[in-house]
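So the structure is just underneath, and the comments pick up after that.
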Amino acid sequence: MAAFNKFNSYTKDLATKVHNLNSDTLKIILTNTAPSSSNTVLADITQIANGNGYTTNGTIATFTSGNTSSGTYKLILADVTFTASGGSIGPFQYAVLYNSTAASGNLIGWWDYGSGLTVTTGNSFTVDLDQVNGVLTIT
């Protein structure tokens, strides 16, 4: 599983009520351009081309739970799967999580898969979101 990296702006956005992780619509987009921790909004990210099973502005990462235990919040989202149809998806190396409810599409974090990936017709790629430890924790 690829490691999660957060955008620097996420902490401020959380503190200033930009994100309501339990109710806002969170989405995952794919890119082949390395995100920078200083990126702040969706427009800062160059997405892969629309089509063949990938939709511009991404796919919803369905909220599963936002549990708090001993003062630690854990965000759990359902896995997101992209299935290629009618052609390939990619290449891409990064999956980016952002808040599509926020007017500017404020960024939360990303996963780096280490090298470019291409999903060929009839195959799928799943962003495996940790169902035990969560996507992220807040302490």
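The values are calculated or read from the model by the stated rules, or taken from the named source; none is laboratory data. This structure is a prediction, so every number in the text was calculated from the model and none was measured. Here the Cβ is made from the backbone with ideal geometry for all residues, glycine too, and neighbour counts use every protein chain on show. Note: areas computed on protein heavy atoms with side chains; ligands, DNA, RNA excluded. Shrake-Rupley method; radii C 1.70, N 1.55, O 1.52, S 1.80 Å.
Checking the conditions here, which among Leu117, Leu136 is farther than 20 Å from Thr11 by Cα, among the hydrophobic types (A, V, I, L, M, F, W, C) and surrounded by fewer than 21 Cβ atoms within 10 Å (Cβ to Cβ)?
Going through Leu117, Leu136 in turn, the sole match is Leu117.
Could you tell me whether any residue of the range 75-83 is of a type in the set (Phe, Trp, Tyr) and more than 17 Å from Asp112 (Cβ to Cβ)? No: zero hits.
Between Ile60, Ile48, the distinction of being open to solvent by 60 Å² or more (accessible area, probe 1.4 Å), of a type in the set (A, V, I, L, M), modelled with pLDDT of 95 or more and in contact with a strand residue (DSSP E or B) (Cβ under 7 Å, 6 or more places away or on another chain) belongs to Ile60 only. Number of residues in the range 73-108 that are closer than 18 Å to Asn20 by Cβ, part of a strand (DSSP E or B) and over 13 Å from the mean Cα position of the chain (by Cα) equals 2. Does the range 38-45 contain at least one residue that is open to solvent by 50 Å² or more (accessible area, probe 1.4 Å), free of Cβ contacts under 8 Å to residues at least 24 places away in the same chain and within 17 Å of Trp110 (Cα to Cα)? Within the range 38-45, none of the residues are open to solvent by 50 Å² or more (accessible area, probe 1.4 Å), free of Cβ contacts under 8 Å to residues at least 24 places away in the same chain and within 17 Å of Trp110 (Cα to Cα).
Restricted to the range 1-37, and to residues there that are part of a loop (DSSP other than H, G, I, E, B) and charged (D, E, K, R), the residue that is most open to solvent (accessible area, probe 1.4 Å) is Lys17.
Conditions tested, residue by residue: (1) within 26 Å of Val132 (Cβ to Cβ); (2) of a type outside the set (D, E, K, R).
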| site | (1), (2) |
| --- | --- |
| Tyr10 | yes, yes |
| Asp24 | yes, no |
| Thr33 | no, yes |
| Thr40 | no, yes |
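A single entry from Ile108, Ile60, Ile76, Ile29 fulfils the requirement of being within 19 Å of Phe4 (Cβ to Cβ) and in contact with a Lys or Arg (Cβ under 6 Å, 6 or more places away or on another chain): Ile60.
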